[in-house]
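Down below is the structure, laid out as structure tokens.
Bear in mind these aren't lab numbers, they're just calculated from the coordinates by the rules spelled out. Being a predicted model, the structure only gives us computed values, none of them experimental. With ideal geometry, Cβ positions are generated from the backbone for all residues, glycine too; neighbour counts draw on all protein chains shown.
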């Protein structure tokens, strides 16, 4: 049997096309760009050899440091938010709403479908401070509080960005995790209940471990998305006020395509790729150890 | 273990890379001829790359193609495509990198990029092109001088706009509050204080993201009035730094307005449209704006205060300053550049350019009320505000450029994005200037 | 906190017929929570719908929450449709072929990497996984150059190719995970019957993955449909714009946002995708229940 499942030709047919497309369209350009990290300049001014200058610039660039801090802050807050709220929602679907959850699942999922530009427009209007008072500030004022100039400072702008990205993707993670939860056999839960497990204990000792693989996939998936956040911030704040909400991707995009320094832009992107790699491997390792210990 | 792992991956990647290179190598032989439209031959279309944010140029070119330039259009039909303004510079860089710029395109947002393209040989020198075609007389000398001022002595764009800038005011609000049109900075600030006390928002100005240029215009003009019209050239030439005390003083003057709340609540969340609307619905007394907005001022749907209720004043003088009020901030706004390669070889494109230069000014003014840097034929009737703009342009002897005109793209972005923070009083003049200077230096 | 109460409520069907009022009372906080959830999710959507009937003047000068003056102001839809029809066509032509390729190639690769036996398969999986981490911005410039040299820049091919490649890492990774959860004996048994590996993939592996395929297709669909970065870079011509890039196009002179037509365009997009989602969702659910029967 091993001979059939080890058939070289079959492996080539099954794996070859995907590997070829992926290598040609993602890996090769990635390496190509990596080569640019040794140069400065752009396609217009021409490239000149820079050696390791870009890397030393990266280490001392205050803008890059600020962008790194913002990226990490965003990635941690939004990943935790997305996955945690998504998980709570999926528990709600499976254990409370059960078969009736279809409509709610659809509604909560729906914002994922909306174009980023539209969602950003929506949140700009909802959190508006001036010249008109948006619904959120109206609500705050109705509750006797002062309205907040949400987009006026980096701190409050961050809150809106986080709320927006959690709002629009929690339904997605809920569905993803839901698919993992419904796979848990009813008998396992039944026998645990008969053993006297209930409530928090049931979730902690049965549901959580059994849904751990899909939870870890979700976290890896989420963190790689949030580390590379671009569209939503570009559309919502444009990185402002000032440069208070500029992630690494936006800095890289500006450096490469607006400031005409493709080499340094590629260096920033390379740093970001390394960061994603380290974080993913870290989560993987932590997870592996968990599984082997259990 | 690790080394084997690495080697395997490298081999796979190496193969992939070689394939990509081979693919691109195979085709590169055949591309050059068709991409450039063939040397000496004419391209199938006259391609124009416009921006979504400016409809006037595309509309005027379309009108020309149906009437005045009908013959040229038959030889080489006009084909317009548009980009969002925010992505124009990226697209131009990508296209120029492939030698694939369209014959006509909107000049880059950052003047420095257009200069780089010219150095690289992608952008046609307009003066020599017009001499060749014998139509040099159809471009106003004032426009050419503004362009040369901008591009470090080179004439790189067709002046499809010629704008002056200054402070526009709501006549009724001023008279209701007993305010004379200010001519000095201290009078202006006094007027702001009076308006604020009366519960009127003194200035409407956008400060959201890149729209912060509305605020940094105040800084630039203050510098010109205080230190003279060449003060920003001195920064470009390394004779002065933005962090020098007199420059910081200018930024502080604007930051002070911000701290007093004269820019209204939350300037960082006000975009261009909103700022204009605030002024045009009578909710603010002053707005700094270029004459391109005259089409909005004369639009009955947008303007709720009436076109004859809007006045124009020069940026006021600063006490003891070297600059004078008649030194006019002027620019060519959204201008059109010509691809050097196509112009050199394509006679149909040359005919088009010649026709545009001869007729654009008249059509743009007649149909869109747009004042351009081209000569205008007789018999075009214009609105009083357009007339005012024309008169001001005619009177201008010395023009000055905006704050970021000589900056790199990076410093421009920083300056404009920080403009909103200056107007909201969150950033001091010194901090603003040191941030911009830091990006200028690199 | 709430979930703990929820968890205990899961019981066999007969228990539900004897629900007591006390249980109902204990569920009240949850009902409130669900209602709140619905408000938070639905109100913004309704707001967009209302916005599509407003004029520019209403957007700028009336309170944000005000109702439109007239629900019969459909001129926004007229304005929007004239251009969005083309954008929709382009999006469909770019996204669906890419989606089909991603699913077929990704599932096959996932199968090969998890079910087939060969040296270095975990390494290949890691190479695919690395693709999840590559920022999209990093591959834009080289790809632009290559597409240009291949004369693909005035077609939708750059989008189809790039979408396929960027969709693969996640699909391969997730498919491999799904195949891992199926007992190996299933595939080994099928090969004992004399089926080749490829046949066993088509007749056993792929059908078994139906629910996973739909889930991933759904996920990828929304990624590709909402892509802005790639479409923005590779569509240099108006008539190749996708919906996302097209929406950016509803801005007028000097960055003026034409709110009404923009919102109408969003609504058109929203209704179409909603229809598609409801259709796909049913398939996903059917797939899930089929999986349950099999399990």
**Item:** Calculated Rg and Dmax of region C:75-294 using C-alpha coordinates, Å
**Value:** 20.4, 69
**Asked** Summing -39500 (n - 2.57) over the DSSP H runs of n ≥ 4 in the protein assembly as shown and dividing by its residue number, what mean residue ellipticity at 222 nm do you reach, to the nearest 500 deg cm²/dmol?
**Response** -20000 deg cm²/dmol
**Asked** Helix B:245-259 versus the longest principal axis of chain B: what is the Cα-based angle in degrees, 0 to 90, to the nearest 10?
**Response** 70
**Prompt:** Just the C-alpha atoms of the protein assembly as shown: what Rg/Rh do they give, with Rh taken as the Kirkwood radius?
**Reply:** 0.99
**Request:** Ratio to report: Rg/Rh of region B:353-442, with Cα atoms as the point set and Rh obtained by the Kirkwood method; give two decimals.
**Result:** 1.18
**Message:** What Kirkwood Rh does region B:246-309 have if only Cα atoms enter the pairwise 1/r average? Answer in Å.
**Reply:** 13.2
**Item:** Within 10 Å of each Cβ in C:55-63, the average number of Cβ atoms from other chains
**Value:** 4
**Complete:** When B:150, B:257, A:88 are arranged by how many other beta-carbons sit within 10 Å of their Cβ, fewest first, they go A:88, B:257, B:150
**Asked** Where Rh denotes the Kirkwood radius from the mean inverse Cα pair distance, what is Rg over Rh for region A:1-97?
**Response** 1.22
**Complete:** Here D for chain B, in µm²/s, from Stokes-Einstein with a Kirkwood Rh over Cα pairs at 10 °C and 1.306 mPa s, works out to 68
**Asked** Quick one: helix B:213-227 against the long Cα principal axis of chain B, what's the angle to the nearest 10°, folded into 0 to 90?
**Response** 70
**Item:** Average Cα contact separation per residue, chain B, under 8 Å, 6 or more apart, as relative contact order %
**Value:** 26
**Asked** In whole angstrom, and with the biggest value first, how far do the Cα coordinates of region B:101-160 range along each principal axis?
**Response** 28, 23, 18
**Request:** Please give the helix B:111-120 orientation as an angle from the longest Cα principal axis of chain B, in degrees from 0 to 90, rounded to the nearest 10.
**Result:** 30
**Complete:** Partner shielding of B:252-260, taken as the mean number of other chain Cβ atoms within 10 Å, equals 0
**Complete:** Computed over all unlike Cα pairs, the Kirkwood hydrodynamic radius of region A:14-159 in Å stands at 20.8
**Asked** How big is D, in µm² s⁻¹, for region A:37-293 by Stokes-Einstein at 37 °C and 0.692 mPa s if Rh is the Kirkwood radius over C-alpha pairs?
**Response** 158
**Request:** Mind pulling the per residue volume of the convex hull built on the Cα atoms of region B:153-258? Å³ is fine.
**Result:** 148
**Volume in Å³ per residue [convex hull over Cα atoms, computed for region B:133-199]** = 150
**Asked** Equivalent-ellipsoid semi-axes (√(5λ), Cα gyration tensor) for region B:62-135, whole Å, largest first?
**Response** 24, 17, 11
